[in-house]
Amino acid sequence: MKYQIQKPSHGSKEWLAVRWRDADNRPRISASIAAAVHNEHKYTSAADLAFELLSENPPLPKETNQAMERGNRMEPMLLEWTKDLHKTNIYTPDTMYCFFDGRANLVATLDGITDDNKVFEIKTSRSLWTGVLPRTWYWQGVHQAICTGQSEINWVIFDSTLSMYEYVQFVSSDEMQTHIEACAVFLECIANGELPPNAVPNYENISSAYPIGNNVSVELPQEALGLIQQLEKTREVKKRAEDQEDTLKAEIGLLLQDADEGTINGSTVITWKNQNRESFDSKTFEKEHPALFAKFRKTSTFRTMRIKTKGSK
């Protein structure tokens, strides 16, 4: 039920691929995304995860953002700091920890582990540490406990106060079983080519799943007309709301004029401050450097949904 596999370079396409499928091409769920199974991940919904697992291809590495860069640079240093505090050997394993019971297929990448299998997870955060694990982290810890067979996960958190905190998460067998069953149900739906019950897709999910039209027509069921009419009404409501927002902002702007903020009874209730934004002047660049512009020009293909029913605008 529990085993280890060699870990490819962290963050590489090979690493992403083994977190997405096992050697027998069975979909698996990784620890960092585990909360999405319960729709409790801060950045990823159950639908996001479902469409990723339903895809014919593994995810590709993402461009490193500031949060990722911060973690990549600071986590090794924080692990060394923790090692000094505990006066014990804590190392980053070159293997990934897996769990498979015939239904739930899980994998975890660990930040640190001791010679006696004490698990450490390092986090850097722009928020204040409150002493309570965010749900994204909580499920990651439960997931790691299952994959490693340990009941304690030792968290090391470096927060916005530039202070380092330690927190021990005790994971019960009931918590493990709850997560195992949720992952099993989720993955059974994926294996059947279906969305799990709690995976409610948004337009971005569908657009990513079907990015290119094939220039054919399909006969829709009659109930689709109701959906189209609802979409048309929603767009009308959105347009009216945007117009109202513009009018209200104009009226408030006339009251503020060149003031940066407005107060009522001495308390600031609204601000209207200058902001700077840099943009690339592509038209001038094309005019002055046409060859370079042509070399680096990139064409993006996307689909636009337009209503063609009678009475639509």
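Rule-based calculations on the coordinates, nothing more; no lab input. The model shown is predicted, which means the values in this text are computed figures rather than measured ones. Because the Cβ atoms are built from the backbone with ideal geometry, glycine has one as well, and the counts that use them run over all protein chains shown.
Data for the structure
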item: Highest average packing first - 161-168, 11-18, Cβ atoms within 10 Å; result: 11-18, 161-168
item: Long-range amide H partners of Thr124 with built H, under 5 Å; result: Phe158
item: Sum of -39500 (n - 2.57) over DSSP H runs of 4+, divided by residues of the chain (222 nm, nearest 500); result: -13000 deg cm²/dmol
item: Coil-residue GluC sites (Glu not before Pro) of region 208-278, DSSP, other Cβ within 10 Å capped at 15; result: Glu219, Glu278
item: Local electrostatic count at Asn205 - Lys and Arg +1, Asp and Glu -1, tallied over other residues with Cβ under 13 Å; result: -3
item: Which listed pairs, of Lys62/Lys233; Lys87/Lys123; Lys42/Lys283; Lys13/Lys42; Lys249/Lys308; Lys62/Lys298, have C-alpha distances above 29 Å, in listed order; result: Lys62/Lys233; Lys42/Lys283; Lys249/Lys308
item: Centre separation in Å (Cα based) which lies between region 121-177 and region 268-295; result: 42 Å
item: Net charge contributed by nearby residues that have their C-beta within less than 11 Å of Arg103 (K/R +1, D/E -1); result: -2
item: Value of relative contact order over region 151-238, rounded to a whole percent, pairs C-alpha under 8 Å and six or more apart; result: 14 percent
item: Region 2-208: antiparallel DSSP beta bridges as a percent of all, rounded to 5; result: 70 percent
item: Overall form of region 56-204 per C-alpha gyration tensor (a/c, 1.5; a/b vs b/c); result: prolate
item: Rh by Kirkwood over Cα pairs, then Stokes-Einstein D for region 116-261 at 0.890 mPa s and 25 °C, µm²/s; result: 115 µm²/s
item: Inter-label distance, nm, simple model (7 Å from Cα along the C-beta direction), Lys2/Ile252; result: 5.5 nm
item: Relative exposure of Met96, Met74, Met1, judged by other C-beta atoms within 10 Å (fewest first); result: Met1, Met74, Met96
item: Equivalent ellipsoid, region 191-313 (semi-axes from 5 times Cα gyration tensor eigenvalues, Å); result: 39, 30, 18
item: Ellipsoid equivalent to the chain - semi-axes via the Cα gyration tensor, in Å; result: 41, 31, 23
item: Percent breakdown of C-alpha pair distances by 10 Å bin, ordered from the shortest bin, for region 42-143; result: 11, 34, 40, 14, 1
item: Gaussian network model of the chain, springs between alpha carbon atoms under 10 Å - residue of Val218, Val142, Val200 with greatest fluctuation; result: Val218
item: Relative contact order %, the chain, counting alpha carbon pairs below 8 Å whose residues are six or more apart; result: 17 percent
item: Normalised convex hull volume, region 1-88, alpha-carbon set, Å³ per residue; result: 152 Å³
item: Modelled FRET efficiency - R0 41 Å, Gln230 with Ser9, Cβ distances, 0.05 increments; result: 0.30
item: Restricting region 229-313 to chymotrypsin sites (Phe, Trp or Tyr not before Pro) in coil, as DSSP defines it, with at most 15 other Cβ within 10 Å; result: Trp272, Phe280, Phe302
item: Sites Trp272 and Val237 - FRET efficiency at Förster radius 35 Å, r taken between beta-carbons, to 0.05; result: 0.85
